[in-house]
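The values are calculated or read from the model by the stated rules, or taken from the named source; none is laboratory data. Keep in mind that this is a model prediction, so the values were computed, not measured. Counting neighbours? That spans all protein chains shown, and the Cβs are built from the backbone with ideal geometry, glycine included.
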Amino acid sequence: MILANVQKPVQAKRKPNRKAIFLLILFFIVVLAALFLVSPLSKIQSIEVAGNSQIAADDVRNASGLSIGMNIWDVNPEDVNQRLKDQFLLIAKTDTEVRFPGKVVIAVAEKPVAAILIQKGGTYYRLLSDGTVFDQVKSLNGTSHPLLLSNEKNLQVEIGKRIPDSDVQKFCQQIVQVDRSLLEQISDFNILKGEVWSAHTMENNLEIRFPPGTIHTALNVYEKFWKQQLASKRSGIIYIYGPDEAWYTPAPGPDKPAKKE
């Protein structure tokens with residue numbers, strides 16, 4: 001018996017339907033997104049405040065406009081940052097970040113209190129590092145901030161606004177950069193007429209006069225070269241232009257020192 005060599009027809013391979021696969025994947029993505037939006041993972045579960053020292057964390061949370069259970073997609077970091085800056089004078093900068101799952105972190109950078117301004121008549125105001133008047137205080141008891149006298153200047157003071165005086169603003173910007181060990185030797189500062197600033201020493205009430213904007217240099221020179229040398233003196237003025245340009249006079253001198261030849 002002879003078997004016929006019969007060849008079976010070869011079936012063509014079916015190509016995958018890419019459109020159907022794409023639609024299927026898209027369907028699953030939509031379903032997962034819908035499930036996420038209604039799940040607790042899409043809600044704010046915690047609000048963390050970092051970097052604050054003078055402003056209470058609860059105050060920051062309350063002023064942010066955010067709340068536990070709020071949808072994270074409704075959080076606009078720029079709006080939160082601006083809202084907090086408008087609410088708190090002490091805030092220099094904020095950075096709001098949403099972290100999954102359900103966590104919001106608000107990082108706060110505060111302006112330090114630079115000094116206490118003593119106005120004529122015995123009123124006291126705390127000044128921030130940009131010259132803004134933060135608030136009025138009743139007394140100086142327990143304060144550790146530098147004291148700035150306004151004996152020779154008629155300053156306009158309004159809480160919540162910068163003092164409109166370039167010398168005061170410059171003083172506030174610089175004083176926060178000065179070493180605490182140097183500031184502890186000074187009882188008060190004054191901005192005199194004639195483009196000169198001054199400071200009185202704590203121990204013997206000597207007056208240090210120096211050009212505007214050179215607080216750190218003047219106090220550093222006093223500490224290194226004049227403090228021990230003049231320890232026995234109880235009056236007089238030290239004029240300081242720099243490490244190599246400084247001198248002492250026991251009698252009152254001109255407001256603006258002239259460089260010695």
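Structure values in brief
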{"quantity": "Failed item in (1) polar (S, T, N, Q); (2) at pLDDT 95 or above; (3) outside any helix (DSSP H, G or I), with residue 81 passing the rest", "calculated": "(3)"}
{"quantity": "Positions within region 67-89 being within 13 Å of residue 49 (Cβ to Cβ) and touching a residue at least 40 places away in the same chain (Cβ under 8 Å), in sequence order", "calculated": "none"}
{"quantity": "Scan of region 116-133 for residues that are buried (at least 18 other Cβ atoms within 10 Å of the Cβ) and not charged (D, E, K, R), ordered by number", "calculated": "116, 117, 118, 125, 127, 128, 129, 131, 132, 133"}
{"quantity": "Some residue of region 169-181 being assigned to a loop (DSSP other than H, G, I, E, B) and modelled with pLDDT under 90", "calculated": "no"}
{"quantity": "Residue within region 59-67 that is among the basic types (Lys, Arg) and under 30 Å from residue 152 (Cβ atoms) present", "calculated": "no"}
{"quantity": "Those residues of region 136-152 which are closer than 26 Å to residue 179 by Cβ and surrounded by 13 or more Cβ atoms within 10 Å (Cβ to Cβ), in sequence order", "calculated": "137, 143, 145, 146, 147, 148, 149, 150"}
{"quantity": "Selection count, region 182-212, where residues are touching a helix residue (DSSP H, G or I) at 6+ places or on another chain (Cβ under 8 Å) and in a strand (DSSP E or B)", "calculated": "8"}
{"quantity": "Odd one out for residue 214, checked against (1) surrounded by fewer than 18 Cβ atoms within 10 Å (Cβ to Cβ); (2) β-branched (Val, Ile, Thr); (3) over 24 Å from the mean Cα position of the chain (by Cα)", "calculated": "(3)"}
{"quantity": "Test: residue 184 is at pLDDT below 95, in the same structural domain as residue 218 (by TED's automatic domain parsing) and not β-branched (Val, Ile, Thr)", "calculated": "yes"}
{"quantity": "Any hit, region 202-211, residues being under 15 Å from residue 114 (Cβ atoms) and among the charged types (D, E, K, R)", "calculated": "no"}
{"quantity": "Leading residue by the ranking (nearest to residue 221 (Cα to Cα)) among those in region 158-168 that are of a type in the set (D, E, K, R) and assigned to a loop (DSSP other than H, G, I, E, B)", "calculated": "165"}
{"quantity": "Some residue of region 159-172 being surrounded by 14 or more Cβ atoms within 10 Å (Cβ to Cβ) and more than 21 Å from residue 113 (Cα to Cα)", "calculated": "no"}
{"quantity": "Residues of region 95-113 satisfying the condition of being more than 25 Å from residue 137 (Cα to Cα), among the charged types (D, E, K, R) and under 17 Å from the mean Cα position of the chain (by Cα)", "calculated": "95"}
{"quantity": "Number of positions in region 213-237 that are polar (S, T, N, Q) and touching a helix residue (DSSP H, G or I) at 6+ places or on another chain (Cβ under 7 Å)", "calculated": "1"}
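Conditions tested, residue by residue: (1) over 30 Å from residue 146 (Cβ atoms); (2) β-branched (Val, Ile, Thr); (3) modelled with pLDDT of 95 or more.
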site	(1), (2), (3)
18	yes, no, no
29	yes, yes, no
43	yes, no, no
61	yes, no, yes
98	yes, yes, no
107	no, no, yes
